[in-house]
1. Taking A:S94, is it under 30 Å from A:G9 (Cβ atoms), at pLDDT below 95, of a type in the set (S, T, Y) and touching a Leu at 6+ places or on another chain (Cβ under 7 Å)?
2. Which one is farthest from the chain's Cα centre (by Cα), of the residues in segment A:17-35 that are within 7 Å of DNA strand C (Cβ to nearest atom) and part of a helix (DSSP H, G or I)?
3. Quick one: how many residues across segment A:10-23 are near DNA strand D (Cβ under 9 Å from one of its atoms), surrounded by 12 or more Cβ atoms within 10 Å (Cβ to Cβ) and either farther than 23 Å from A:Q86 by Cβ or of a type outside the set (A, V, I, L, M) (or both)?
4. Run B:S52 past the list (1) more than 7 Å from DNA strand D (Cβ to nearest atom); (2) surrounded by fewer than 17 Cβ atoms within 10 Å (Cβ to Cβ) and report the number of the one that doesn't hold.
5. Where in segment A:53-150 are the helices (runs of 4 or more DSSP H), entirely inside, with at least 2 residues that are more than 10 Å from chain B (Cβ to nearest Cβ)?
6. Give me the residue from segment B:24-49 that is touching a helix residue (DSSP H, G or I) at 6+ places or on another chain (Cβ under 6 Å) and within 13 Å of DNA strand D (Cβ to nearest atom) and, out of that set, nearest to the other protein chains (Cβ to nearest Cβ).
7. Please pick out the residue among B:E110, B:E131, B:E163, B:E167 that is among the acidic types (D, E) and at pLDDT 95 or above.
8. Between a residue in segment B:108-130 that is within 19 Å of A:V173 (Cβ to Cβ) and any residue that is at pLDDT 95 or above and surrounded by 12 or more Cβ atoms within 10 Å (Cβ to Cβ), which pairs come within a Cβ distance under 6 Å, given they are 6 or more apart or on different chains?
2 protein chains.
Amino acid sequence: MIVKDGLDGFGVNKLAKAAGVSPATIYIYYKDREDLIVQTAIRVTDTMLKESLADFDPDNMSFEEGLRQQWKNRSSHFLNNPLDVQFMEKMRYSHLYDKVADKVYNTFKEVMGRFYHNAVKRGELLQLPTEVYWSLAFAPLYQLIKFHSQAKSFGPQKYHFTEESMEQTLQLVLKALKP
Amino acid sequence: MIVKDGLDGFGVNKLAKAAGVSPATIYIYYKDREDLIVQTAIRVTDTMLKESLADFDPDNMSFEEGLRQQWKNRSSHFLNNPLDVQFMEKMRYSHLYDKVADKVYNTFKEVMGRFYHNAVKRGELLQLPTEVYWSLAFAPLYQLIKFHSQAKSFGPQKYHFTEESMEQTLQLVLKALKP
DNA sequence: AAGATAAGTGAGCGATCGTTTACTTACGAA
DNA sequence: TTCGTAAGTAAACGATCGCTCACTTATCTT
């Protein structure tokens, strides 16, 4: 590790103590600290993505049904695994993240791409550049989750992540994305 | 600093060397490393927020005009100051961020609140819970900026932040937020 | 010119970082 | 039973961390 990875708080000695093993034990299973972090992130991300596809059928769901299922899966996963959120958010701003994305998103991209194209073909969804689509379809959800996990993210006021606010936000997103 | 702050890469010795001064000099102007970071983040955030209000008039602009101006100001600021983005993104996931938000967002919140209420009163904007409004009004923009600053944030594909994709995203957001 | 004060420095403190070394234990194969 | 190997450990290595100390230099007052 030549460059800092932006992931302090995940020191090898500290993790070993928390896991109740010797630091040296960690180096039996991982090449070095970077390998430990990348492998863990891959595992966490892979689990999240697999969970996000639960009860999701890209070929036999309307766009609204499919997107709602994705939102439900992702939100419940992150609400149930707040430590994963914390870890992955730090990870997302580390240069190590590329190594995770490269390994993990392939199958997922294929499914989501099919879902997108089916919806466009059925006339339920605008045809959009990928970055525009993602900024609308998922960024609002992640903002809600972030609000919730931080409790106060903008000024002293508290925001709560509820079923209603999620559904309301989803409805607005659908309104934006429908032709 | 008892708990890790998630801001490695900002070591005092390293910053001192980069600034061409002795580490001891830093402690003339800042109480400790945390003070240095918080004060810097306050200055950076304050600058960003002031720039985001350039040519912005919460009382004499339509919702569309006002939101577009905000988007333009924020995006151009972040595109011109990528190091600020990097620093603030790390900061946003540090527990130190609360100290920044408390000091900085007050005047800004007042202006944005007025802008919001004016637009609702004129019937240009849906009345929404704060977290829903913010998730729609700004999260998509920040997602675009993030895509740009990371070059690849989701899989191997590259996304480009262009005037067109920003304007297109803004149009969808407006479509969602208008009654 | 002399003294007071502010501003800055090099060297290094103790603590913690990632990592390795030398060694011990557990266990199936011969 | 003995041997080979895999799994684990305590201890500590050099490097770097945040931070301080003893000291020098620059600036201002009288």
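1. Values: under 30 Å from A:G9 (Cβ atoms): yes; at pLDDT below 95: yes; of a type in the set (S, T, Y): yes; touching a Leu at 6+ places or on another chain (Cβ under 7 Å): yes.
Yes; evaluated as a whole, the condition is true for this residue.
2. Here the residue is A:A24.
3. Counting residues in segment A:10-23 that are near DNA strand D (Cβ under 9 Å from one of its atoms), surrounded by 12 or more Cβ atoms within 10 Å (Cβ to Cβ) and either farther than 23 Å from A:Q86 by Cβ or of a type outside the set (A, V, I, L, M) (or both) gives 2.
4. All conditions are met except number (2).
5. Once the helices (runs of 4 or more DSSP H) in segment A:53-150 are filtered for at least 2 residues that are more than 10 Å from chain B (Cβ to nearest Cβ), what remains is A:63-80, A:82-92, A:97-121.
6. Among those that are touching a helix residue (DSSP H, G or I) at 6+ places or on another chain (Cβ under 6 Å) and within 13 Å of DNA strand D (Cβ to nearest atom), it is B:R33.
7. Exactly one residue qualifies, and that residue is B:E167.
8. Sorted first by the residue in segment B:108-130, then by its partner, the pairs are B:L125/B:F63; B:L125/B:A119; B:L125/B:L177; B:L126/B:L177; B:Q127/B:V120.
The values are calculated or read from the model by the stated rules, or taken from the named source; none is laboratory data. Note that the structure is a prediction, hence the values are computed from the model and not measured. Please note: Cβ atoms are built from the backbone with ideal geometry, for glycine as well, and neighbour counts cover all protein chains shown.
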